[in-house]
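Q: The structure under discussion is supplied below as structure tokens; questions concerning it will follow.
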Protein chains: 2
Amino acid sequence: MKQAENKSLQRLANLQRQHKGLINLMPLQTGGMLTDVAKEALVEFGDGYSVCDFCQGSLCNVTNPPIREFVQELLPQFLDCEATTITHGAREAKFMVMHSLAQPGDSILVDGNRHYTTVVAAERVGLNIIEVPNSGHPEFKVDVNEYALLIKKHAPKLILLTYPDGNYGNLPDARKLGEITQEYNIPYILNGAYSVGRMPVSMEEIGADFIIGSGHKSMASAGPAGVLGMKKKWEETVLRKSGTYNKKEIELLGCTIRGVPLITLMASFPHVKERVQRWDEQVSKAQWFSAELEKLGFKQLGEKPHRHDLLHFETPVLYEISKRVREKGYFLYKELKERGIWGPQPGMASSIKLSTFAADRQQLQFVIDSFKAILDKYS
Amino acid sequence: MKQAENKSLQRLANLQRQHKGLINLMPLQTGGMLTDVAKEALVEFGDGYSVCDFCQGSLCNVTNPPIREFVQELLPQFLDCEATTITHGAREAKFMVMHSLAQPGDSILVDGNRHYTTVVAAERVGLNIIEVPNSGHPEFKVDVNEYALLIKKHAPKLILLTYPDGNYGNLPDARKLGEITQEYNIPYILNGAYSVGRMPVSMEEIGADFIIGSGHKSMASAGPAGVLGMKKKWEETVLRKSGTYNKKEIELLGCTIRGVPLITLMASFPHVKERVQRWDEQVSKAQWFSAELEKLGFKQLGEKPHRHDLLHFETPVLYEISKRVREKGYFLYKELKERGIWGPQPGMASSIKLSTFAADRQQLQFVIDSFKAILDKYS
């Protein structure tokens, strides 16, 4: 008992990351890799409540480090919205909005490609979830025109669209949905966990009421961290203050990411703001990579031509190999890791999800060549 | 406009902490300073979703890094409870329990020294807050026997005790309250944000249903991070799973601190587990320091003899100075900072809150001498 505990404690004394330094294609991670500036800030503000040295009662009002400027000026301009706050992440932002605008028993209308946390956040509030189905295999597209019919049928209190979804990297017509939701006057949440910080997104142009971003997924930030932008008219509702403490927002429980993830989000922001301007290069890189992998017998799912770095492939050729090797699906993870590549979920071989966001063309060429070599090795 | 924005962006490129390396007496920070091991882990797992490399569907089940072992074995043993989970912090843990066990309109009975987030979390759920008053100036003690009367009067759904409170560092009779809440069969939350990780605390011995700790306040962790322990019988309620996703806990929205704060919490844990055994030294150090400051004309509020490192002093001698100097209350912050000391809230002089937890006796002697020198300088 005591001996087992000592071993457990020893393991905590030397926590190491196995995938450090590899070419990273892991969809959850490619947009969250820290900039050098953020790495320095991480160490500078590592201790507990370091960001709160000069607290005046509310995290978003701290002027040193310049959190207020970041939240009240830079973020609204970046998201093209009227008010913003910071959150623990996209899921917590979704819950915050749902909990403020809807009551248990109300309905929310979401796309069929929504992240699982959209469902769990709605469950936590007690909402009925209505889904607009996707088009099924192989493109799994969401046609936003289908929202209108379901709005009439279910009178939802909220609308949500995932832009893009994390499974296929599809970008539905968010702007068109903005027109529809305005026509029916229903608040519209755009979940941009995989767009805000990767590509240009304007809440104003899309016509959404809320825009949600994820620091660790797409804003070169340590986890967990998120941003929530909104129209001014929702500020009173979502950022309503405590009746007892007039500086404290109820839905934020006073302050949210009171620590180092916020510092990395801020430190990386200048880079993030700049990198979204180079999104076209990211798209063409993803399209080229996808085409090269299709030559190997992989089949890209989701929209074609693809407009995002999140890629999902059916890989029957890999699956065939996995059925006859000792390591089963893990052979792929092992083979890639030996070549310095990290990406597909360990154990998966029948289909794989990859993101080309963090790797350059030379690295991606090496990945393509590696897949070729692996197929040759087992053929 | 563009120029102002560029300046804002430049400020983000070089975020520095002004209080780095000073003797730290700031009550929010002394228990959250990172261990060297945690500092290394911070860098190792800085990138976004690094802790999720080997996700099997739930953060608390990740085996590499050994999160499962930490949450399912080490933490329950440390908190002396049957089940635990990790949270974004103490406030989020309070909300999670309140939201699971009570309905809007229900009442919660709390101590008059409760943290503001206890009130805000209850407001977020829609609860009525009933307070057991403290004894007032100068000790501000909470007599837990007064809970019984208010239980009979208000039939609360939940009981909460702050142990100790952050204002005075008072340690009420948590064990006695355990007997009372068991007699009336009402779930009892112990908020140990300033005890768990500083001093030995056993949920079992106290007889609470829930125990809450704060990583950044008292467990040598980056912010934000927290722990929540509970009796087994509450697991089904508070950690209930999604109807759609059977690995995802609704109140956690699937996963909570999916990033670097968790890694620092884990990396510091062996040290934290060991340091609570030396709590007696902390108490005698605080008592000595308090007695020395009282010799200078400061008056310690809260319990006497004091049993915690959180100290609150009335400082009329400092206040008199602040009334006649140009910097007003900020003179104290400035004078201390020049001497390499950081602690009292900038601007405050009439009363100051300090924590002796992170400083050794030699450093504290220097602090005492510095206060003497400051008083002499302005006398």
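The values are calculated or read from the model by the stated rules, or taken from the named source; none is laboratory data. Treat the numbers as computed from the prediction; the structure is a model and nothing was measured. Cβ: placed from backbone, ideal geometry, glycine included. Neighbour counts: every protein chain shown. Accessible surface is based on the protein model in full, side chains and every heavy atom, while ligands, DNA and RNA are left aside. Shrake-Rupley method; radii C 1.70, N 1.55, O 1.52, S 1.80 Å.
Q: Could you tell me which of A:Leu177, A:His115, A:Gln16 has its Cα farthest along the dipole of chain A towards the positive end, charges placed at Cβ (Lys, Arg +1; Asp, Glu -1), taken about the Cα centre?
A: Farthest towards the positive end: A:Gln16.
Q: Moving to a separate point now. Dipole size in debye (nearest 20) for region B:140-199 around its Cα centre, Lys and Arg Cβ +1, Asp and Glu Cβ -1?
A: Magnitude of the dipole: close to 100 debye.
Q: Shielding by partners for A:263-276, please: the mean number of other protein chain Cβ atoms within 10 Å of each residue's Cβ.
A: What the average comes to for A:263-276 is 3.
Q: Here's a follow-up. Quantify how strongly other chains surround peptide A:15-27 by giving the mean number of their Cβ atoms within 10 Å of each of its Cβ atoms.
A: 4
Q: In nanometres, what is the gap between the two model label sites at B:Gln362 and B:Glu338, each 7 Å from Cα along Cα-to-Cβ?
A: Between B:Gln362 and B:Glu338, the label points sit 2.5 nm apart.
Q: In nm, to one decimal, how far is the modelled label at A:Ile130 from the one at A:Glu327, with both set 7 Å along Cα→Cβ?
A: Result for the modelled spin labels: 4.9 nm.
Q: Peptide A:72-79: average number of partner chain Cβ atoms within 10 Å per residue? All intermediate terms of the calculation are to be shown ahead of the outcome.
A: On the way: counts 0, 3, 5, 0, 0, 3, 0, 0.
Mean shielding by partner chains, rounded to a whole number: 1.
Q: Pull up the DSSP beta bridges for the protein assembly as shown and report the antiparallel fraction as a percent, rounded to 5.
A: Around 50 percent of the beta bridges assigned by DSSP in the protein assembly as shown are antiparallel ones.
Q: Let me know the charge dipole size of chain A about its Cα centre in debye, to the nearest 20, where only the beta-carbon of Lys, Arg (+1) and Asp, Glu (-1) is charged.
A: Details: 46 positive and 44 negative charges, 243 e Å.
Using Cβ point charges on Lys, Arg, Asp and Glu, chain A gives about 1160 debye.
Q: Quick check: from the Cα gyration tensor, does region B:16-97 come out rounded (a/c under 1.5), prolate or oblate?
A: It comes out oblate by the Cα gyration axes.
Q: Using bins 20 angstrom wide from zero, how does P(r) for chain A break down, in % of all Cα pairs?
A: 27, 54, 19, 0
Q: Taking R0 as 41 Å, what's the FRET efficiency between A:Cys55 and B:His154 from their Cβ-Cβ distance, rounded to 0.05?
A: With R0 = 41 Å, the Cβ-Cβ based efficiency is 0.80.
Q: Given a Förster radius of 25 Å and the C-beta distance between B:Thr244 and A:Arg175 as r, what FRET efficiency does 1/(1 + (r/R0)^6) yield to the nearest 0.05?
A: 0.30
Q: Keeping all protein chains in the complex and leaving out DNA, RNA and ligands, what accessible area do you get for B:Lys295 with a 1.4 Å probe, in Å² to the nearest 10?
A: Rounded to the nearest 10, the figure is 150 Å².
Q: Please list B:Asp106, A:Asp143 from largest to smallest accessible area, probe radius 1.4 Å, with all protein chains kept in place.
A: A:Asp143, B:Asp106
Q: Under 19 Å between alpha carbons, and skipping anything fewer than 8 positions from B:Lys39 in its own chain: which lysines qualify?
A: A:Lys20, A:Lys39, B:Lys20, B:Lys217, B:Lys273
Q: How much accessible area is lost when chains B and A come together, counting both sides, with a 1.4 Å probe, in Å² rounded to the nearest 100?
A: 7700 Å²
Q: Something else now. What is the Cα coordinate range of region A:62-201 on the first, second and third principal axes, sorted by size from largest, in whole angstrom?
A: Principal-axis extents of the Cα atoms in region A:62-201, largest first: 49, 34, 28 Å.
Q: Between B:Ser379 and A:Gln10, what is the FRET efficiency for a Förster distance of 35 Å, r being their Cβ-Cβ separation, to the nearest 0.05?
A: Between B:Ser379 and A:Gln10 the formula returns 0.05.
Q: Now for a separate question. For region B:194-309, what is the percent of antiparallel DSSP beta bridges, rounded to the nearest 5?
A: The antiparallel fraction comes to roughly 90 percent.
Q: Can you give the accessible area of A:Arg240, probe radius 1.4 Å, in Å² rounded to 10?
A: Per-residue accessible area (A:Arg240): approximately 60 Å².
Q: What pairs from A:Lys7/A:Lys334; A:Lys94/A:Lys231; B:Lys94/B:Lys247; A:Lys157/B:Lys241 go past 18 Å between their alpha carbons?
A: Listed pairs above 18 Å: A:Lys7/A:Lys334; B:Lys94/B:Lys247; A:Lys157/B:Lys241.
Q: Just from its helices, what would the mean residue ellipticity at 222 nm be for chain B, if runs of 4 or more DSSP H residues each count -39500 (n - 2.57) and the sum is divided by every residue, rounded to the nearest 500 deg cm²/dmol?
A: On the way: 15 runs with 147 residues, N = 379.
Using -39500 (n - 2.57) per qualifying helix, the result is -11500 deg cm²/dmol.
Q: Continuing with this model, one more query. For A:Lys304, list the lysines whose Cα falls under 22 Å from its own Cα; do not include residues on the same chain fewer than 8 positions away.
A: Correct list for A:Lys304: A:Lys141, A:Lys176, A:Lys285, A:Lys295, A:Lys353.
Q: At A:Arg68 and A:Ser284, where each label point lies 7 Å from the Cα along Cα→Cβ, what is the point-to-point distance in nanometres?
A: 4.5 nm
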